[in-house]
Structure formats: structure tokens, C-alpha cells
1. Out of the residues in the stretch 34-65 that are in contact with a helix residue (DSSP H, G or I) (Cβ under 9 Å, 6 or more places away or on another chain) and either outside any helix (DSSP H, G or I) or touching a residue at least 60 places away in the same chain (Cβ under 8 Å) (or both), which is surrounded by the fewest Cβ atoms within 10 Å (Cβ to Cβ)?
2. Any idea how many residues of the stretch 6-31 are surrounded by 11 or more Cβ atoms within 10 Å (Cβ to Cβ) and of a type in the set (Lys, Arg)?
Amino acid sequence: MIDPPRSQDDYPDRDIDCQEALEPAFQLLMVDALSYGWSPDEARRALRKLIAAHKVADVENAKVETTLALIRAAQRVGNR
């Protein structure tokens, strides 16, 4: 179970709280990876690549959302 932030608003040490909340799940993930034969370096590299891919996906999703918003706005203007 991952603990939620103390507040939905920004606050000092929110990043640290997030790290502490994710740490147990991260440790379990690493233990599982090692138990199935992956080396620590392989698991860490895979996680870094997954994080990078997730960031790229976030950027691309934002571009798609912007494009869709522009199309919807143009359609509303055209329907007047």
C-alpha cells in the first residue's frame, strides 16, 4: 500500500514524502526482479528506461490533448 500525500496542495518535503511512500513497493519490485534472475543493474536500467518512456508518453499525450482541444474548438466555431 502506498501512502497518500499529507495534502493535495504543494508543501515542503512533498518529494521526500513521495519517495518514502514509494520505497516499500520499490524494494519489493527489486526483490522480485532479483528472485527471477535479473541483476540489480539490469533491474535499475529497466526502471530508468520505463520512467523515460513514461515521460515521453506524457508529453505525447499532452500534445494529443492539445490537438483534440483545438479540433473541438474549431468544430464549435464551424457549427455556429
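1. SER39
2. The qualifying residues number 1.
Values quoted throughout were computed directly from the atomic coordinates according to the rules given, and no laboratory measurement underlies them. Model, not experiment: these values are computed from the prediction. Neighbour counts run over all protein chains shown; Cβ positions are idealised from the backbone, glycine included.
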